[in-house]
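Following: one structure in structure tokens, then a few remarks.
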Amino acid sequence: MKSFKTKLDLNNRQRTLMAKHAGVARYAWNWGLANCKETYLAGGKLPSAIDLHKRLVAEVKSQNPWYYEVSKCSHQEARGNLNKAFKRLWQVKGTGFPKFKKKNIKDSFYLEGSIKISGYWVKLPRIGW
């Protein structure tokens with residue numbers, strides 16, 4: 001498996017798509033964290049990433065068409081990372097409760113699949129060359 005860290009020269013359309021991907025990932029994290037926090041405070045068992053996915057598809061995606069403008073990986077990985085954060089909460093001493101993410105502060109998202117590299121060009125799913 002290869003991993004690259006690089007600075008991308010994006011046009012306005014691509015910047016907008018990147019911001020949408022980061023926004024969907026942030027929304028999925030915050031939505032999942034709110035649901036988990038509510039369940040935790042009520043004394044119930046925390047939902048897994050799969051349970052959160054099922055609820056998200058049933059409740060959120062039908063009401064928010066902008067969810068379909070981005071790659072599915074961005075929100076799936078955000079929920080997976082939230083699940084890892086909750087596991088770490090009880091396994092690693094000194095780890096605090098996960099926090100809500102804020103816009104434009106360390107915005108990030110994850111992409112996988114048909115990523116192609118050709119010379120100085122990188123092709124990302126839903127974003128392009």
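The values are calculated or read from the model by the stated rules, or taken from the named source; none is laboratory data. Since we're looking at a predicted model, the values are computed, not measured. Note that each Cβ is placed from the backbone with ideal geometry, even for glycine, and that neighbours are counted across all protein chains shown. Accessible surface is based on the protein model in full, side chains and every heavy atom, while ligands, DNA and RNA are left aside. Shrake-Rupley method; radii C 1.70, N 1.55, O 1.52, S 1.80 Å.
Within a straight-line Cα-Cα reach of under 18 Å, LYS61 can be paired with the following aspartates and glutamates, leaving aside sequence neighbours fewer than 8 residues apart in one chain: ASP51, GLU69, GLU77. Residue ranges 52-62, 76-86, 97-107 sort as 76-86, 52-62, 97-107 when ordered by packing (mean number of other C-beta atoms within 10 Å per residue, highest first).
Taking amide H positions as modeled 1.01 Å from N, with prolines and chain starts lacking one, the residues under 5 Å from LYS101 and 5 or more places away or on another chain are ASN30. If you take all other residues with their beta carbon under 14 Å from the beta carbon of LYS116, and give Lys and Arg +1 and Asp and Glu -1, the sum is +2.
ASP9 contributes an accessible area of around 150 Å² to the protein surface, as traced by a 1.4 Å probe with all chains present.
Sequence gap at least 6, Cα distance under 8 Å: using those rules, report the relative contact order of the chain to the nearest whole percent.
32 percent
Using only side-chain charges placed at the Cβ, +1 for Lys and Arg and -1 for Asp and Glu, the dipole size of the chain relative to its Cα centre rounds to 340 debye.
In a shell of Cβ-Cβ distance under 12 Å around VAL57, excluding VAL57 itself, what net charge do Lys and Arg (+1) and Asp and Glu (-1) give?
Summing Lys/Arg as +1 and Asp/Glu as -1 gives +3.
Under 16 Å from the Cα of LYS101, which lysines turn up, not counting those fewer than eight places away in the same chain? Once the sequence-local lysines are set aside, what remains near LYS101 is LYS20, LYS37, LYS84.
Subtracting the Cα-Cα distance of LYS87 and LYS54 from their residue separation scaled by 0.36 nm leaves 9.9 nm. Helix 72-91 versus the longest principal axis of the chain: what is the Cα-based angle in degrees, 0 to 90, to the nearest 10? With both axes taken from Cα atoms, the answer is about 40 degrees.
For the range 41-55, the Karplus equation 6.51 cos²θ - 1.76 cosθ + 1.60, evaluated at θ = phi - 60°, returns couplings of 5, 7, x, x, 7, 5, x, 7, 4, 5, 4, 5, 4, 4, 5 Hz by residue, with Gly and Pro reported as x.
Note on THR6 and TYR120: the model spin-label points, each 7 Å out from Cα along the C-beta direction, lie 1.1 nm apart. Set against the labelled values (i) 42, 16, 14; (ii) 29, 17, 13; (iii) 40, 18, 15, semi-axes √(5λ) of the Cα gyration tensor in Å computed from this structure falls on (ii).
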